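The values are calculated or read from the model by the stated rules, or taken from the named source; none is laboratory data. Note that the structure is predicted; figures quoted are calculated from it, not measured. Every residue, glycine as well, gets a Cβ built from its backbone with ideal geometry; the counts of neighbours run over all protein chains shown. The accessibility values were calculated without ligands, DNA or RNA, using every heavy atom of the protein model including side chains. Shrake-Rupley method; radii C 1.70, N 1.55, O 1.52, S 1.80 Å.
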Amino acid sequence: MKNMAIEAQGLIKVFGNNRAVDGVNLNIPTGSICGVLGPNGAGKTTTINILATLSKPDAGSARIFGYDVLKETQKVRQLIGLTGQYATIDESLTAMENLTIFGRLHGYSRKDSKRKSIELLEEFDLMEAANKALSQFSGGMRRRLDLAASLLSSPPLIFLDEPTTGLDPRTRTQMWMTIRSLVKNGSTVLLTTQYLDEADQLADNIVVIDRGKVVANDTPSGLKKSIGASSLQVTVKNPDDVLEATQIIENILGEHVLITEVADLTVPMKSTDKLIDILTAAKNAGIILTEINVRQPSLDEVFFALTGNVDN
Ligand SMILES: Nc1ncnc2c1ncn2[C@@H]1O[C@H](COP(=O)(O)OP(=O)(O)OP(=O)(O)O)[C@@H](O)[C@H]1O
Ligand SMILES: [Mg+2]
């Protein structure tokens, strides 16, 4: 298998006068999970549609495992699985019927298709609902079935467009486990998500798209580092020492300390150089610190810093 699952250069897609995708470059190594983040309308789904051969770019090129998405469409389609933002399976059929039909479409024999469908229904906790029509499925059940359908052919590259939107926390965690095990078994995953913690948990690399452009492409921790400031959190053992501890820290860092709990202090810290000074000064003043944490900014903070969006 080629060592690059996705290589895209200068992808552009224009709808009317809206540059939905505006020069996107992507390089995703085989066997990794890439998380694509971005506010609503950023161009995530449009980019996936181009990579999955569902939509033609107005400019640029993309290869999937070396195959050109425009010139070798059939080859590319054999290598990918796509789970859409919206499930698109026949409503009147049961879950079992849907999956076995998908299996047949992928060239499995009747028997193999049934066996594989049962395996997937079990994996996604849908056995009890196997003989229910889709019209009776909840949103979460649909999403799981949709993912199960896209896994029928064990594709080496899987596009998951918001696989966990609207799932309850337990089902979400289950989905994460499934995604991890897919990658362990050699698949490459590109997923879009509205949940920053999800990208943090799953992705080897995060691509942030805003208004059709890639505005960041890094590891989760690289992204957090890129916006700089960490924060220092300390807990003072004796609440009577809180004011003095606050003064010591403010003097050394020149930043305002926030008292978050009775004896918990939080302060932004540009670099860890001053940490030792704080510890020494506290010790000299006879102040005992029971907990000391230097925390990176959260991905939410990174996201807002990059896209300037507060509410999506
Ligand atoms: N078929 C289409 N015709 C016209 N405009 C479209 C079409 N598909 C998408 N767009 C526009 O392109 C832009 C990007 O849409 P896209 O669906 O790729 O965003 P997204 O990042 O997936 O957003 P979301 O987080 O809401 O799923 C939006 O402005 C959208 O309105
Ligand atoms: Mg979308």
Practice prompt. Would you mention how many residues in segment 142-175 are open to solvent by 30 Å² or more (accessible area, probe 1.4 Å), hydroxyl-bearing (Ser, Thr, Tyr) and in a helix (DSSP H, G or I)?
Written response: 1
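When you look at Thr260, is it open to solvent by less than 80 Å² (accessible area, probe 1.4 Å) and farther than 30 Å from Val24 by Cβ, yes or no? Full working, then the answer.
Working: open to solvent by less than 80 Å² (accessible area, probe 1.4 Å): yes; farther than 30 Å from Val24 by Cβ: yes.
So Thr260 fits the description; yes.
Please verify whether Val14 is part of a strand (DSSP E or B), among the aliphatic types (A, V, I, L, M) and within 13 Å of ligand 2 (Cβ to nearest atom), treating the condition exactly as stated.
Values: part of a strand (DSSP E or B): yes; among the aliphatic types (A, V, I, L, M): yes; within 13 Å of ligand 2 (Cβ to nearest atom): no.
No.
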Discussion item. When you check Val242 against the structure, is it free of Cβ contacts under 8 Å to residues at least 24 places away in the same chain, of a type in the set (Val, Ile, Thr) and open to solvent by less than 20 Å² (accessible area, probe 1.4 Å), yes or no?
Written reply: yes
Worksheet entry | Qualifying positions in segment 23-50 - outside any loop (DSSP other than H, G, I, E, B) and under 16 Å from Glu162 (Cα atoms) | Ile33, Cys34, Gly35, Val36, Leu37, Lys44, Thr45, Thr46, Thr47, Ile48, Asn49
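Could you please let me know if Leu82 is surrounded by fewer than 20 Cβ atoms within 10 Å (Cβ to Cβ) and either part of a strand (DSSP E or B) or within 16 Å of ligand 2 (Cβ to nearest atom) (or both)? I'd like the intermediate steps shown before the answer.
On the way: surrounded by fewer than 20 Cβ atoms within 10 Å (Cβ to Cβ): no; either part of a strand (DSSP E or B) or within 16 Å of ligand 2 (Cβ to nearest atom) (or both): yes.
For Leu82, the condition - surrounded by fewer than 20 Cβ atoms within 10 Å (Cβ to Cβ) and either part of a strand (DSSP E or B) or within 16 Å of ligand 2 (Cβ to nearest atom) (or both) - is not met.
Mind listing whichever residues of segment 261-282 are out of contact with any Ser or Thr (no Cβ under 7 Å at 6 or more places or on another chain) and of a type in the set (A, V, I, L, M)?
Step one: of segment 261-282, the residues out of contact with any Ser or Thr (no Cβ under 7 Å at 6 or more places or on another chain) are 261-262, 270-282.
Selection gives Val262, Leu275, Ile276, Ile278, Leu279, Ala281, Ala282.
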Response to the item:
Scanning segment 19-62 for residues that are under 18 Å from Leu202 (Cβ atoms) and either away from ligand 2 (no atom under 12 Å from the Cβ) or more than 17 Å from the chain's Cα centre (by Cα) (or both) gives Leu26, Ile28, Pro29, Thr30, Gly31, Ser32, Ile33, Cys34, Gly35
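Counting only residues that are more than 16 Å from ligand 1 (Cβ to nearest atom) and more than 15 Å from Glu7 (Cβ to Cβ), which one in segment 33-74 is surrounded by the fewest Cβ atoms within 10 Å (Cβ to Cβ)?
Here is the first cut: in segment 33-74, the residues more than 16 Å from ligand 1 (Cβ to nearest atom) are 33, 61, 63-74.
Restricting the remaining residues to those that are more than 15 Å from Glu7 (Cβ to Cβ) gives 33, 73-74.
On the way: Ile33: 23, Thr73: 13, Gln74: 8.
Applying the filter and picking the extreme gives Gln74.
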Worksheet item: Could you list, in sequence order, the residues of segment 91-141 that are small (Gly, Ala, Ser), over 23 Å from Met177 (Cα atoms) and not in a helix (DSSP H, G or I)?
Response: Ser92, Gly107, Ser109, Ala133
